[in-house]
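Participant: Before we start, here is the structure in question, set down as structure tokens.
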Amino acid sequence: MIRQFAVRPARIAVVATPFGFGPASKAYTITQVLTGSYGMSVHCYGADSAGDFFDAQDGVRARHISAGALDREPGLLSGYDAIVNVLAPELIRSRETAAATYYVDSLGFMWQSADIPVDSPLKQVRGYFAQNVFGSVENLTALGVPGVRPVSGIVSAPAPAPSADRAPDGPPARALVHLGGLGNPAGTGSAHAYLPLAERLLGALRDDGYELTVAMNQAGSAFRLAGGGAVRQLSGTGFQQALADCATVLSSPGLTTLIETSQAGRPYVPLPPQNWSQVLICEHMSRLSGQGVWPFLAGRYRAVDTRAAEAAKAAAVREINRDLAADEGFLAEYGRLARRAAREGEVPTVGAPFGGAEEIASVVAADLGVARVTNDLSMNVGAR
């Protein structure tokens, strides 16, 4: 039966795990389509870096959510017509919640059997969407997840791109540095090991004449890169504009930034990974890219036990990064490979055709019997 919302718009809760910027960015992009194209009333829920990301967007203020908050208030997500959940299975606390949940998995390529046990609520959700990169759908299907729907890259529309080439007598070319995975709940303290490493590596690019703009999340702290250029937390629109206005992107290899860079047609130079998912991305990109910097980075983390728990793997990555910051041979070779990659200007090819948010929103809308009202992505997002 088609549901009717003649009196009020459909009410949707959108939740994201506090794992850096990526999940919240995807959740926000889906929110834009639900509100702008289908006129739904959306409330965003997040904690730590996810809440910070939502709050940085124009007109959005996140409602706090966590497993502890649901223990204190089990009905926190009740009363919604649907829930869109991005990588936060711990927030699916009942069969009723699962039956209302559309789960969005952007990292399906990395899960093992221990991550999705037989009784996992992820096998009970209303819909399971997998961003289909690096064999994600095949991996999830092999792990017994039923009805996985593939979607393409979940990113917002890019900003118009001005010319980013360096004029013969003009200002230096801009390099956008993105360090958005510092708020990593699986790797507590990872930022303290990563930032000294990043600072040393970025010195090579500053010496090569680039003007650096550094974007990073600062959830619960006040991290800074000394002498590394302006450091700021960007809104979704602000990041897209900075991306359009740069000549090169340097980033720890988070998947969202990689896909956004691919969509924008910008050259990409990886920094070392901050966490385990980024180690796996390095491995995949080593096979897809012609740049020697990818296998060079991936090789530094192959001693990590792939069978270990997520927190243990994150801790191992953190300690490797701590050691690399003092490894002069690594620093010198990375500088050489990174400068070569920046000169050669390879654009990554990941996530096309970049319509994942629309693909997900259209399924949610069809299930709720909600018709498209406009193609304008104006916001109708609930405040606290």
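Participant: Please work out which one of (1) without any contact (Cβ under 8 Å) to a residue 60 or more places away in the chain; (2) touching a helix residue (DSSP H, G or I) at 6+ places or on another chain (Cβ under 9 Å); (3) surrounded by fewer than 20 Cβ atoms within 10 Å (Cβ to Cβ) is the condition PRO74 fails and give its number.
Facilitator: (2)
Participant: Output yes when any residue across the range 246-263 is touching a Cys at 6+ places or on another chain (Cβ under 9 Å) and surrounded by 22 or more Cβ atoms within 10 Å (Cβ to Cβ), and no when none is.
Facilitator: Yes, the range 246-263 contains at least one residue that is touching a Cys at 6+ places or on another chain (Cβ under 9 Å) and surrounded by 22 or more Cβ atoms within 10 Å (Cβ to Cβ).
Participant: Give all pairs with beta carbons closer than 8 Å in which a residue from the range 352-364 that is buried (at least 18 other Cβ atoms within 10 Å of the Cβ) meets a residue that is charged (D, E, K, R) and assigned to a helix (DSSP H, G or I); count only pairs at least 6 apart in sequence or on separate chains.
Facilitator: GLY356/LYS26; ALA357/LYS26
Participant: Sticking with this structure for a sec: Where residues in the range 6-25 are of a type in the set (Gly, Ala, Ser) and more than 15 Å from VAL60 (Cα to Cα), which of them is surrounded by the most Cβ atoms within 10 Å (Cβ to Cβ)?
Facilitator: Keep residues of the range 6-25 that are of a type in the set (Gly, Ala, Ser), which gives 6, 10, 13, 16, 20, 22, 24-25.
Keeping just the survivors that are more than 15 Å from VAL60 (Cα to Cα) gives 6, 10, 20, 22.
Values: ALA6: 4, ALA10: 21, GLY20: 30, GLY22: 28.
The qualifying residue surrounded by the most Cβ atoms within 10 Å (Cβ to Cβ) is GLY20.
Participant: Scan (1) modelled with pLDDT of 95 or more; (2) surrounded by 15 or more Cβ atoms within 10 Å (Cβ to Cβ); (3) under 20 Å from the mean Cα position of the chain (by Cα) for the single condition ARG318 breaks and write down its number.
Facilitator: (1)
Participant: Tell me, which residue of the range 111-128 that is among the charged types (D, E, K, R) and either at pLDDT 95 or above or outside any loop (DSSP other than H, G, I, E, B) (or both) is nearest to ALA100 (Cα to Cα)?
Facilitator: ARG126
Participant: In this structure, does TYR28 turn out to be surrounded by fewer than 24 Cβ atoms within 10 Å (Cβ to Cβ) and not assigned by TED's automatic domain parsing to the domain that holds THR257?
Facilitator: When the stated conditions are applied, TYR28 does not pass them.
Participant: So, one more: Out of the range 1-31, which residues are among the basic types (Lys, Arg), at pLDDT 90 or above and more than 12 Å from ILE83 (Cβ to Cβ)?
Facilitator: Here is the first cut: in the range 1-31, the ones among the basic types (Lys, Arg) are 3, 8, 11, 26.
Filter once more, keeping what is at pLDDT 90 or above: 11, 26.
Across the range 1-31, the qualifying residue is only LYS26.
Participant: Could you look through the range 290-313, keep only residues that are at pLDDT below 90 and among the hydrophobic types (A, V, I, L, M, F, W, C), and pick out the one that is farthest from ALA338 (Cα to Cα)?
Facilitator: Among those residues, the one meeting the criterion is ALA309.
The values are calculated or read from the model by the stated rules, or taken from the named source; none is laboratory data. These numbers come from a predicted model, not from an experiment. Please note: Cβ atoms are built from the backbone with ideal geometry, for glycine as well, and neighbour counts cover all protein chains shown.
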